[in-house]
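All remarks here apply to the structure that follows.
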Amino acid sequence: MSPKTCPFYALPYDPEGPPYNAWGLYGPDDELGRLNLITPEAIKRGRDEIKEGIAISLNMPLGMRAWTKHRDTFKHEIAPLNGMGFGTGPSRTFQSKASTGLTEAFLALSEDEYADMLSKPRESAGVQQGEEMYRWHWEKGIAAVASDTIGYESLPHQTQPSCHDVFLGAWGMPIGELFDLRELSRQCERLGRWSFFFASMPLLVEGGIASPPNAQAIL
């Protein structure tokens, strides 16, 4: 059975909620948000992307320097955007250069450079905030997004509401941050294909607001 949906122009679904919200779309007690789009049928379609049997971890080491390295939940396929990922289900799509290079730059920082970075306001490449971008994500039926950047969206925010406000708070759409896309990028380029099966099983923490993604791609 297909999950309930509505056109973008019908948002906000709850007139008393924040801009672009879909509150109540999947029922008054729903806790899954856009993950409702990952139906059994979508999962079975995703398995068709497994062709070479190559499994690739997308996780940064747990003991690395503290920054953000988690998948944001809403309780807190890749378009032509390098290092960004999106999907309507377990399959994802990448462009040829799927890594932005931020991972390499971050890991190469000296201790002094790392301390200096933490003392400054966050800046990062990412998708632009705004209604056109939100409409695109909604109408493509995207269930979750991920990136090797700090927050998927560009920082500092160029306008309000931010992608985090809309994706997490208004839609219940998870955001993956600081994914390690280096090996996946190399394999995608080697094989000449940019779609794959994606799985993420965050920690089961009642009331949790974020978790390590425990993510992998299978080509």
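Of the residues making up region 109-130, those that are under 24 Å from the mean Cα position of the chain (by Cα) and small (Gly, Ala, Ser) are Ser124, Ala125, Gly126, Gly130. What tally of residues in region 173-199 results from selecting those that are outside any loop (DSSP other than H, G, I, E, B) and either out of contact with any Cys (no Cβ under 9 Å at 6 or more places or on another chain) or not hydrophobic (A, V, I, L, M, F, W, C) (or both)? Number of matching residues: 15.
From the list Thr149, Thr159, Thr103, which one is crowded, with 17+ Cβ neighbours inside 10 Å, of a type in the set (S, T, N, Q) and part of a loop (DSSP other than H, G, I, E, B)?
Thr149
Against the criterion of being small (Gly, Ala, Ser), at pLDDT 95 or above and assigned to a helix (DSSP H, G or I), Ala170 qualifies.
Here is a yes/no grid of residues against (1) closer than 30 Å to Gln187 by Cβ; (2) assigned to a helix (DSSP H, G or I); (3) modelled with pLDDT of 75 or more; (4) not aliphatic (A, V, I, L, M):
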position	(1), (2), (3), (4)
Phe86	yes, no, no, yes
Leu109	yes, no, no, no
Asp112	no, yes, yes, yes
Met133	yes, yes, yes, no
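Can you work out which of the residues in region 177-193 that are of a type in the set (A, V, I, L, M, F, W, C) and modelled with pLDDT of 90 or more is surrounded by the fewest Cβ atoms within 10 Å (Cβ to Cβ)? The extreme case among them is Leu191. Of the listed requirements (1) in a loop (DSSP other than H, G, I, E, B); (2) under 19 Å from Leu102 (Cβ atoms), Pro202 misses just one: (2).
The values are calculated or read from the model by the stated rules, or taken from the named source; none is laboratory data. Fair warning: this is a prediction, and the values are worked out from it, not measured in the lab. All Cβ positions, even for glycine, are placed from backbone atoms using ideal geometry, and neighbour counts span all protein chains on display.
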